[in-house]
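Here the structure comes first, spelled out in C-alpha cells, and everything after it is commentary.
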Amino acid sequence: MKNPTHLIEQALLNKIVTKEQLNKAKEIQGKESIGFEDALVQLGYSTYQEIVKCLSEHYDLPILDLTNLEIPEEVLNLLPMQIIKKNGILPISKNNGVITVALSRPPDLGFMDNLRFMLGSDIKCTLTTSEQIKYALRKNSHNESTEMVGSLLKEIRMGDMPIVQTESEYEGAYQAEAKSVEDDSPIIQLVSLIINKAIVARASDIHVEPLLSKLRVRYRIDGVCQEADILPKNLQDSIISRIKILANIDISEKRRPQDGRISLHFSGKDMDIRVSCLPSIYGESVVMRLLEKTETLMSIKNLGFCKSDFQRFQSIIKRPNGIFLITGPTGSGKTTTLYAIINELNKTGVKIVTAEDPVEYTLKGVNQSEVNDKIGFTFSKILRTMLRQDPNVILVGEIRDSETADIAIASALTGHLVLSTLHTNDAPSAVTRLIDMNVKPFLVSTSLLGIMAQRLVRGICNDCKEQINYTPEQISQMGFDAGIFKDYSFYKGKGCKKCNNVGYKGRIGIYELLEMNETLRDMAYNVASTDEIRKAAKIAGMTTLKEDGIRKAKEGKTTLEEILRVTGIEE
C-alpha cells in the first residue's frame, strides 16, 4: 500500500518540482510534522492550486471548489473528525446511495476500500485543496459550535469560573499544538464550565465520551451517571486537547492510555482532579475524578453504623496489632472509611504511615507515601520500607498481589495494626481470597481481626421526602419478604430542584461487618468454603449488606428500590 506522500511525488516529479525539491520538502515535513503538500507550499516550490491541478491531471479526477458549498450536517457527521483531519478528506454529499468525498491527497486504493467499508456505501472522489477542506469545516460547523458554546457559557457567571493550575508547564514536541488550543478562548471557557457545573452538582466524576456524531458529557452524582451536555462532534479534539494540556498529558499521543492531574481553586476550595484518557473507536474517552483536598474528614460516628456494629467496629480498630480489611467495588467508599479510621487513631503517641495510590487527602501528622509503578515504588516496596520506620499503624491502599498480602500479614503479626482494602463482593469472600493469593491459611487465621464489606446507597432528598405505601406484591417483586414489612412505613423522594428531580440527594453507607472469633479462625485454618464461613459469621452476629440496607430503608434514610439496585435480588 503506497502512502500519500509517494503518490503526490509520482504526480508532481519533473512537472512542477524537481527531485531535490521533493527531498527538501520531505525533510521539512519530518521536522515540523506537517503534510507533504504543506511543506511544498511553505518552501515556495508550489501552491495548493498548482498541486491540486497537477494531481487532477495525473489521476484524472475532477476539481471541486468548496467555497460556497453547503454541506448537510448528517453528511458532515458521517466520518469522525480525527479521520477527516488526518487524511485530508471531507464527505460533501450523498445521492442515490453514493457518497461524494473531497480529497486533498491522491486516493490510496487500500484506504478507499476501508472508507467504503466504514461508510457502507459507494464513493465518488473529487479533488480540492487542504485549505478549502479546512475552510469548509469551519464554515459548515462553526455556527453550530459557536451557538452551543455561547448558550452553555450563559448558564453561569464568568466570575465563578474555577482557576485551573497545572503542576508543570507542558513542553516537548506538542508545545505548538498546545499553544494553539490555549489561544482558543471559547474552548478554555467551555472546559472550565464543564468542571464548574460538575463541582456545583456534587459530581464525583466527569465523563467526556466521544460517540459517532457527538460528544457526550456525563456526571456521576451519588454513584449514578447523569447526562449533562451533548456537544458538537467538531469540538471533540479541542476539548480533549484542552483537558490533556491542563493535566500535563502529551496531546500528540492518542493511541495509548494516559493519566494526569489537574489542580484548581474553586469557591475557596483547593481541588485535585485525576484524569484518565482511554483511546476508543470514536476518539479518546476522558474521565476526571474530582477530589476536594480540604474536605473535612468524616468521623467514624458519621459513617452510619447501627449501634451493635459501631461497638464492634470500634473494638477492632483499637487493637494494637492484626489486620483489618475493607472490601467492596470501586466507588463504594472504602477510602473514606479508611481515612475516618486514621482520623480516629491519629493521636500524638501513635505513628501512622500510609502507602496510597494515589494520596487523595493530606492528613496532618501522618506519613503518607504515594505509589509510583514507573520507578518501581510499589505497595510491596513501600511496605518493606515502612517496617523500618517504627510505625504503630500501617495503611495500605489496596492488597493487589501475593507479595503485598504476605508483607501485610507479616506486619500484622509483628506488632502493627494494618488497615487495607481488598476487591471482593462481600466480607466472607475475603478470607478465601487471601488464601487464593497464596497466603498460608494459618497466617490468615492468626492475623485477621475482621473484614467489613460496604456499599454506598443514595439517601432520600429531605426537601421532597414523602411517605409511600407498597403493596405486598410490589415488595415481593423486589425480592423482599413482604411479611416482615407490614408494620413499617417507607419513604421516597418526589423529585425537586434541589435533587435535580431524582428524589435522592447524598449517599449513605451500608455495611457487613465480620469479626473473627475462634470458630471462624478454625474455619480459615481448615480452608472452609465461603458459604460455610458466611453461615458461621451470621450465627456470630454478622448483618449482611442487604439486611443493613433494609434496616436503613425502615428508618426512612433510603428506599427499597435503591437497596435492590445496589445489592441485587439474591444475597
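The values are calculated or read from the model by the stated rules, or taken from the named source; none is laboratory data. Since we're looking at a predicted model, the values are computed, not measured. Methodologically, a virtual Cβ is constructed for each residue, glycine included, from the backbone with ideal geometry; neighbour enumeration extends over all protein chains shown. In case anyone asks, the SASA skips ligands and DNA or RNA and just uses the protein heavy atoms, side chains included. Shrake-Rupley method; radii C 1.70, N 1.55, O 1.52, S 1.80 Å.
Some points to look at:
- In region 397-492, inverting the average of 1/r over every pair of distinct C-alpha atoms gives 17.0 Å as the Kirkwood radius.
- The order of Arg105, Arg255 by accessible area, most exposed first and with a 1.4 Å probe, is Arg255, Arg105.
- When only Cα pairs below 8 angstrom with a gap of at least 6 residues are kept, region 183-270 shows a relative contact order of 18 percent.
- For region 250-323, the list of GluC sites (Glu not before Pro) that fall in a loop by DSSP and count at most 16 other C-beta atoms within 10 angstrom reads Glu253, Glu295.
- Net lengthening on full extension, Phe377/Glu344 (0.36 nm per residue, minus Cα-Cα): 9.1 nm
- Each 10 Å bin from 0 upward holds the following percent of the Cα-Cα pairs of the chain: 3, 14, 20, 20, 16, 12, 9, 5, 1, 0.
- Neighbour-limited loop hits for chymotrypsin sites (Phe, Trp or Tyr not before Pro), region 444-530 (at most 12 other Cβ within 10 Å; DSSP other than H, G, I, E, B): Tyr488
- Distant-in-sequence amide contacts of Gly35, defined by a placed amide H-H separation under 5 Å and a gap of 5 or more residues or a different chain, comprise nothing.
- Of the listed residues Val359, Val502, the order by accessible area with a 1.4 Å probe, largest first, is Val502, Val359.
- Spin-label proximity, Lys498 to region 189-214 - amide N less than 16 Å from point 7 Å beyond Cα toward beta carbon: 201-202
- Distance from the C-alpha centroid of region 527-571 to that of region 305-370: 23 Å, rounded to the whole angstrom.
- Oblate is the label for region 225-282. Its Cα gyration tensor axes, ordered a ≥ b ≥ c, give a/c of at least 1.5 and b/c at or above a/b.
- Helix axis angle, 334-345 relative to the chain longest principal axis, alpha carbon, degrees: 50
- Fraction of accessible area attributable to carbon and sulfur, region 520-571 (%, probe 1.4 Å): 50
- Relative contact order (%) - region 15-74, alpha-carbon pairs under 8 angstrom, separation at least six: 24
- Figure note: Glu73, Glu360 ranked by solvent-accessible area, largest first, 1.4 Å probe, ligands and nucleic acids not counted: Glu73, Glu360.
- Within the accessible area of region 69-127, the carbon and sulfur atoms contribute 51%, probe 1.4 Å, all protein chains present.
- In this calculation the C-beta distance from Thr47 to Val224 is compared with R0 = 51 Å, giving a FRET efficiency of 0.35.
- Modelled this way, with points 7 Å down the Cα-to-C-beta line, the labels at Gln389 and Gln314 are 2.9 nm from one another.
- With Cα atoms, 0 to 90° folded angle of helix 109-119 axis to the chain main axis: 50
- A probe of 1.4 angstrom, applied to the heavy atoms of all protein chains, finds Lys214 with accessible area near 80 square angstrom.
- Extending 7 Å from Cα along the Cβ direction at Asp113 and again at Glu466 yields two label points whose distance is 6.4 nm.
- Only protein heavy atoms count here; under a 1.4 Å probe, Thr424 has an accessible surface of about 10 Å².
- Computed over the chain: relative contact order in percent, which uses C-alpha pairs under 8 Å that are six or more apart: 9
- For His207, the shell of other residues with beta-carbons less than 10 Å away shows a net charge of 0, using +1 for Lys and Arg and -1 for Asp and Glu.
- In the context of the full protein assembly, Arg312 retains an accessible surface of approximately 50 Å², using a probe radius of 1.4 Å and ignoring ligands and nucleic acids.
- Rounded percent of accessible protein surface that carbon and sulfur make up, region 295-359, 1.4 Å probe: 48
- Once the 1.4 Å probe is applied to the protein heavy atoms, the chain comes out at 49 Å² accessible per residue.
- The angle between the Cα long axis of helix 427-436 and the main principal axis of the chain comes to about 70°, on a 0 to 90 degree scale.
- Rounded to the nearest Hz, the phi-derived 3J(HN,Hα) couplings of region 536-544 under the Karplus curve 6.51 cos²θ - 1.76 cosθ + 1.60 (θ = phi - 60°) are 5, 5, 5, 5, 7, x, 6, 9, 6, where x marks glycine and proline.
- A Förster radius of 41 Å, combined with the Cβ-Cβ distance separating Ile83 from Thr519, puts the computed FRET efficiency at roughly 0.05.
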